[in-house]
Amino acid sequence: QVQLVESGGGLVQPGGSLRLSCAASGSIFSVNTMGWYRQAPGKQRELVATITSGGSTNYADSVKGRFTISRDNAKNTVYLQMNSLKPEDTAVYYCNTDLVRNWYDRPTNYWGQGTQVTVSS
């Protein structure tokens with residue numbers, strides 16, 4: 001069984017920073033692309049950032065220059081450093097990854113349980 005465990009959400013004032021973490025655990029052969037998505041109340045879930053196993057990154061235009069995604073392949077963990085936070089960044093943030101459980105398996109997509117980020121004064 002595979003689990004994605006997120007941490008680091010919370011309440012922060014506008015202009016502040018937070019760092020999210022997501023660790024994949026369980027029976028894992030390899031982890032491919034990892035990413036973060038978010039869903040604000042009444043809105044669809046949207047891409048925030050992704051990072052490949054080789055370190056290539058992709059960001060939503062709304063977070064470019066403010067958020068940084070990184071990963072530790074040895075720990076199967078992805079991070080999201082969020083700086084200069086704005087009220088419109090308020091959402092539940094979800095970790096997502098494609099991983100392979102055994103060498104003979106095809107990649108499977110997994111979601112974390114979500115962590116709340118609230119930006120408010």
Point to revise | Selection from the stretch 50-75 of residues that are crowded, with 20+ Cβ neighbours inside 10 Å, touching a Gly at 6+ places or on another chain (Cβ under 9 Å) and not β-branched (Val, Ile, Thr) | key: 71
Review point. Residue 47 fails exactly one of the following numbered conditions: (1) open to solvent by 50 Å² or more (accessible area, probe 1.4 Å); (2) touching a residue at least 40 places away in the same chain (Cβ under 8 Å); (3) not acidic (Asp, Glu). What is the number of that condition?
Key: (2)
Revision key, fill the gap. Taking the stretch 90-109 and the residues there that are out of contact with any Gly (no Cβ under 6 Å at 6 or more places or on another chain), of a type outside the set (Asp, Glu) and buried (at least 16 other Cβ atoms within 10 Å of the Cβ), the one that is nearest to residue 78 (Cα to Cα) would be 97
Exercise for review: Please specify each residue of the stretch 93-121 satisfying the condition of being free of Cβ contacts under 8 Å to residues at least 40 places away in the same chain and in a loop (DSSP other than H, G, I, E, B).
Suggested key: 104, 106
Review point. Going by the conditions given, is residue 82 over 24 Å from residue 121 (Cβ atoms), within 12 Å of the chain's Cα centre (by Cα) and modelled with pLDDT of 95 or more?
Key: no
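The values are calculated or read from the model by the stated rules, or taken from the named source; none is laboratory data. Keep in mind it's a predicted model, so treat the numbers as computed, not measured. A quick note on method: Cβ atoms are made from the backbone with ideal geometry, for glycine too, and the neighbour counts reach across all protein chains shown. Only protein heavy atoms, including side chains, enter the accessible area calculation; ligands, DNA and RNA are left aside. Shrake-Rupley method; radii C 1.70, N 1.55, O 1.52, S 1.80 Å.
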